[in-house]
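*Asks:* The structure that follows is given in the form of structure tokens.
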Amino acid sequence: MKNVLLKLTILSVVASSVKGAVLINGSFEAPEVGGGLLSVTPGNEPGGFGWTVLTGDTEILSQTVGDSGPSFDGDQHIDLNGISPSGIAQIFTTVSGDTYSLTFAYASNYAHHGLSNPALATFSVTDAGSSANLLAPQVISHGSSTSTNLDWKVQTVNFVATGSSTRISFVSNSPETPLGGILLDGISAVPEPSATALFGLTFLTLLRRRRT
């Protein structure tokens, strides 16, 4: 009975230590645009979108749209340059002191950008309460997408949360003309396993080996 209680306690600690951060709609599958595109402007974000449009016009694209291509994750992604350059942001719950791994995929609208004229955007991670930088703003650049291969690039960075909520944002640096900017998809943020969680998993493994 003691072993059972000990295991349950360890499992509870492990579960709380590795619980994922909740980023809503990181693959932009909602709302479903039905084989076309949907323009989203500040204050007019549709239900389920989960992101705040900061400025301009963000386009949700189906992978069947002429100037688009296969999404990185699922059937939809976004273009930060719709009719005008835009930016998006989302605030999500974090635990102060925990390390998080942020991953996202990016490409470019091949109809308007190429190797000599890449699409640009800046992503930032800040404490939602204080606006303090958790990561220095970083510029991403992409210009190698084609009609048959968007050539998605994947970037992963770690940051340490300093508060109970964190803000992530992506803002286009590409000019309004020509149209087309950075494409985004597959955005996620999950906590790295803590030392406590790793210890708990190791201890459970040793208990199993001892029983066998």
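The values are calculated or read from the model by the stated rules, or taken from the named source; none is laboratory data. Fair warning: this is a prediction, and the values are worked out from it, not measured in the lab. So basically every Cβ, Gly included, is an ideal-geometry build from the backbone, and we count neighbours across all protein chains shown. Accessible surface areas use protein heavy atoms only, side chains included; no ligands, DNA or RNA. Shrake-Rupley method; radii C 1.70, N 1.55, O 1.52, S 1.80 Å.
*Asks:* Label-point separation (nm) for residue 156 and residue 116, each offset 7 Å from Cα along Cα-to-Cβ?
*Replies:* 3.7
*Asks:* Okay, moving on. Compute the accessible area per residue over region 66-147, keeping the other protein chains in place, probe 1.4 Å, unit Å². If you can, show how the numbers build up before the last one.
*Replies:* On the way: 3120 Å² over 82 residues.
Normalised by residue count, the accessible surface of region 66-147 is 38 Å².
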